[in-house]
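This report concerns only the one structure given below.
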Amino acid sequence: MVLADAEDGVPGGVPYDRIIITAGAWDIPPAWIAQLSSPKGRLVVPLRMRGLTRSIAFDLDGSGLVSRDYCLARFVPVRGDGAYRSR
């Protein structure tokens, strides 16, 4: 487990089989995808879309990420480098 600002990824233990983000995000940084192992890599991230946060499970496949499941969720927003600046 890593507790860090992971906007630019966490190179210490790459590649990772699973990455679970526990703060609401507005986007998926390329570093998260790049640090997943293939072919069984999974990324779970709460994404904010159209005013709702959905915790979405993505699996790697040959062309990138594929969503397998989601549920409505509530998380604190990402802070630091990846913070979304609303106007």
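The values are calculated or read from the model by the stated rules, or taken from the named source; none is laboratory data. Because the structure is a prediction, the values reported are computed rather than measured. Using ideal geometry, Cβ is built from the backbone for each residue, glycine included, and neighbour counts are taken over all protein chains shown.
Cβ-Cβ below 6 Å, separation at least six or inter-chain, first residue in region 1-30 and closer than 12 Å to Gly80 by Cβ, second in a strand (DSSP E or B) and among the β-branched types (Val, Ile, Thr): which pairs?
These pairs meet every condition: Ala25/Val45.
Report yes if Ala23 is of a type in the set (A, V, I, L, M, F, W, C) and buried (at least 16 other Cβ atoms within 10 Å of the Cβ), otherwise no.
Yes; evaluated as a whole, the condition is true for this residue.
Could you check region 24-65 and list, in sequence order, the residues that are β-branched (Val, Ile, Thr) and touching a Leu at 6+ places or on another chain (Cβ under 8 Å)?
Within region 24-65, Ile28, Ile33, Thr53, Ile56 meet the criteria.
Sort out which residues of region 63-87 are assigned to a loop (DSSP other than H, G, I, E, B), surrounded by fewer than 12 Cβ atoms within 10 Å (Cβ to Cβ) and modelled with pLDDT of 70 or more, and write them in order of number.
Ser63, Arg74, Val76
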